[in-house]
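I have placed the structure first, in the form of structure tokens, so that the comments after it can refer back to it.
What follows is calculated from the coordinates using simple rules that are stated; it is not laboratory data. Because the structure is predicted, anything quoted here is derived from the model rather than measured. Using ideal geometry, Cβ is built from the backbone for each residue, glycine included, and neighbour counts are taken over all protein chains shown.
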Amino acid sequence: MSESDENVPGRNRTRFPGISSRAYEHPADRSALVALRKLSGFDTVLKTLSGLLPERSLRLLFLSDSVRVGEQQFPHLYDMLRDACYILDLEKVPQMYVVQDPRPNAMCIGLDEPVVVVTTALVELLDEEEMRAVVGHEVGHALSGHAVYRTLMEFLTGLAERVAWLPLGSIAFRAINTALYEWFRKSELSADRAGLLVGQDLQASMRGLMKLAGGNHLHEMNVDAFLAQAEEYESAGDLRDSVLKILSVLPRRHPFTTVRAAELKRWAGSRDHRRILDGHYPRRSEDRDTSVYESIKESANSYAKDVRESKDPLMGLLRDLGAGAGDIGGKLRDRFAGSRSGGNGAENGGTGAEGPGN
């Protein structure tokens, strides 16, 4: 292979010169990032704060107690990393480390220079194309600058914990934590999309997510059945199940795996994804001109669309309230009783036992 070809992908895939991370970011993630990028000197302040954070010690730890990926160590991962940077046109290839850990995981950290870290369990779990999607996921985090803003999340979360003893401090902490974790989950959906743009193999992305949920037992799993779980999770049960779902997701930094799979499949079939593959996507050179107002508007529209299209019982009730539906007391009674009959008042005596986990 000639020197000029060393960064060319191993198989024929579309490259996206100058692509902006706005092309694949979830609207809720994009609106937050656009607003933060507009704050003059914001990144400089965060990088100054990094001296107070354990970033230097983490870098030294990875250097001293893990394996740095390169031409002589894990060369197949190094090829994937350079490949992902070539596809997304990320000029500087971040350093990458493999750490011994029985839990399959990957992350992108660092303020001044992003660092990609993958665990040995993940390397052993995934095949080449599944791993390619994961590496693309982490490079997507780097291109979006998520590492910088996640550091802000950690800083604000720690600050909120320190003032939790003050009057209203606990309420403020919960509000900050809830908002930041919601953004964190949406940033994961963004990175999943970046992984698909890099791998350009939806089935490999689906297989990787299934393995994260069920281990290396693909012969025992089925993509359609896995996606059906997400459908059942969203639609099954009554209002009690809706409340339990909200409470279970609030402390999580990652969306549930079946939900991630369903979200990625929807995006893969969307017009936005097709336009990117056809070369019609926002460029980094246009980032400075991006409107904060328009980004926030897109985010609000996205949440409104989620409510309109959701099959969750609580979202259905919210739609009824928004439409000015009558007999709200009756609707509440029916939905808590698990009734699917609408407005006839009949109760089926169920307790939501058809919901997930039962």
At 7 Å along Cα-to-Cβ for each site, give me the label-to-label distance between residue 57 and residue 270 in nm.
4.0 nm
Rel. contact order, % - alpha carbon contacts under 8 angstrom, at least six apart, segment 55-144:
26 percent
For the peptides 201-209, 135-143, 268-276, 85-93, what is the packing order when you average, over each peptide's residues, the other Cβ atoms within 10 Å and list the highest mean first?
135-143, 201-209, 85-93, 268-276
Final fewest-first order of 210, 80, 221 on the 10 Å Cβ neighbour count is 221, 210, 80
Run the simple label-point estimate for residue 73 and residue 254 please: 7 Å along Cα→C-beta, distance reported in nm.
2.4 nm
What are the residues whose amide H is under 5 Å from the amide H of residue 20, where those residues sit 5 or more places off or on another chain and H is modelled from the backbone?
283, 284
